[in-house]
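Shown next, in structure tokens, is the structure this report addresses.
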């Protein structure tokens, strides 16, 4: 039964989502004690140190293919990650995660602009629904609005760019080299801020940061393995369960408030994201049928 679980796309994706939710909790706990640069740098440092010997042992060149695109993907992923760190530190955890998962909307838009993929009327309608959900969730006219909502939205938007680039890079690069460049660019970018803003952690806090780096790496491996057993659209929908896990944790652990605006906005955003993924799956099936 356990072996079957780890050989199914659903099982691997659920496990990855659960692992990501645990990292969200750790980030939320550390964000009040340490600057984002320190949390990020330790994540990138240990991720790179672990991946380097793995890549070398496989005989893969560290240069990779389309180096400029690998660097651009690393820069986009780094900016998205730091925006997410800032967002988690400033607003309720569930809100930050919902805004991160606006990326399907932006993936469609960026695929249209950068890859010239067509956007149908139904897709456009779902994008509009998602944008309405973003406005309701953020509620810029509210007295409780703060910049953390903007950081969360930027995390989703820039993260979408990283995903579009990954789609192209996976044609000629393995997942390890793509993630290695992410750690490389992130480490270089965050190092000056790490040195300037460094705060000495105790042993428990340091181990927590190292655990964060390891869990994020394992989550990436599980996610990449899961995509071998299910389609990208299916995997993306399953990964959205991270929002559920973190939402529950936010209410129980951090006593985050859950407002009507959150429920309405989150429902519209998640619904539009799921709808876009399902439409993408259907279009792929139609294209596959037409080719036979």
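The values are calculated or read from the model by the stated rules, or taken from the named source; none is laboratory data. Since the structure is predicted, the reported quantities are computational estimates derived from the model, not experimental observations. Glycine also receives a Cβ, built like all others from the backbone with ideal geometry; neighbour counts cover every protein chain displayed.
Remarks
For (1) surrounded by fewer than 23 Cβ atoms within 10 Å (Cβ to Cβ); (2) touching a residue at least 60 places away in the same chain (Cβ under 8 Å), each residue gets a yes or a no:
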{"site": "22", "(1), (2)": "yes, yes"}
{"site": "25", "(1), (2)": "yes, yes"}
{"site": "31", "(1), (2)": "yes, no"}
{"site": "49", "(1), (2)": "yes, no"}
{"site": "56", "(1), (2)": "yes, no"}
{"site": "72", "(1), (2)": "yes, yes"}
{"site": "75", "(1), (2)": "yes, yes"}
{"site": "83", "(1), (2)": "no, yes"}
{"site": "105", "(1), (2)": "no, yes"}
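- Looking only at region 137-155, and only at residues there that are modelled with pLDDT under 85 and in contact with a helix residue (DSSP H, G or I) (Cβ under 9 Å, 6 or more places away or on another chain), the one that is nearest to residue 82 (Cα to Cα): 146
- Some residue of region 61-68 being buried (at least 18 other Cβ atoms within 10 Å of the Cβ) and modelled with pLDDT of 90 or more: no
- Among (1) at positive phi; (2) modelled with pLDDT of 70 or more; (3) exposed (fewer than 15 other Cβ atoms within 10 Å of the Cβ) - the single one residue 122 does not satisfy: (1)
- Residue within region 201-211 that is surrounded by 14 or more Cβ atoms within 10 Å (Cβ to Cβ), at pLDDT below 85 and touching a helix residue (DSSP H, G or I) at 6+ places or on another chain (Cβ under 9 Å) present: no
- Counting only helices (runs of 4 or more DSSP H) that fall entirely inside region 151-264 and contain at least 2 residues that are within 22 Å of residue 279 (Cβ to Cβ), the qualifying elements are 203-226, 232-239, 241-253.
- Residue in region 110-119 that is surrounded by 15 or more Cβ atoms within 10 Å (Cβ to Cβ), under 18 Å from the mean Cα position of the chain (by Cα), within 22 Å of residue 168 (Cα to Cα) and at pLDDT below 80 present: yes
- Output for region 84-105, where each listed residue is closer than 16 Å to residue 31 by Cβ and not in a helix (DSSP H, G or I): 91, 92
So that you can scan it fast, the table gives a plain yes or no per residue for (1) touching a helix residue (DSSP H, G or I) at 6+ places or on another chain (Cβ under 7 Å); (2) within 21 Å of residue 89 (Cβ to Cβ); (3) crowded, with 16+ Cβ neighbours inside 10 Å; (4) at pLDDT 85 or above:
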position: 249; (1), (2), (3), (4): yes, yes, yes, yes
position: 257; (1), (2), (3), (4): no, yes, no, no
position: 262; (1), (2), (3), (4): yes, yes, yes, no
position: 273; (1), (2), (3), (4): yes, no, yes, no
position: 277; (1), (2), (3), (4): yes, no, yes, no
position: 280; (1), (2), (3), (4): yes, no, yes, no
position: 283; (1), (2), (3), (4): no, no, no, no
position: 286; (1), (2), (3), (4): no, no, no, no
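- Scanning region 77-107 for residues that are within 13 Å of residue 23 (Cα to Cα) and either under 12 Å from the mean Cα position of the chain (by Cα) or at pLDDT 95 or above (or both) yields a total of 4.
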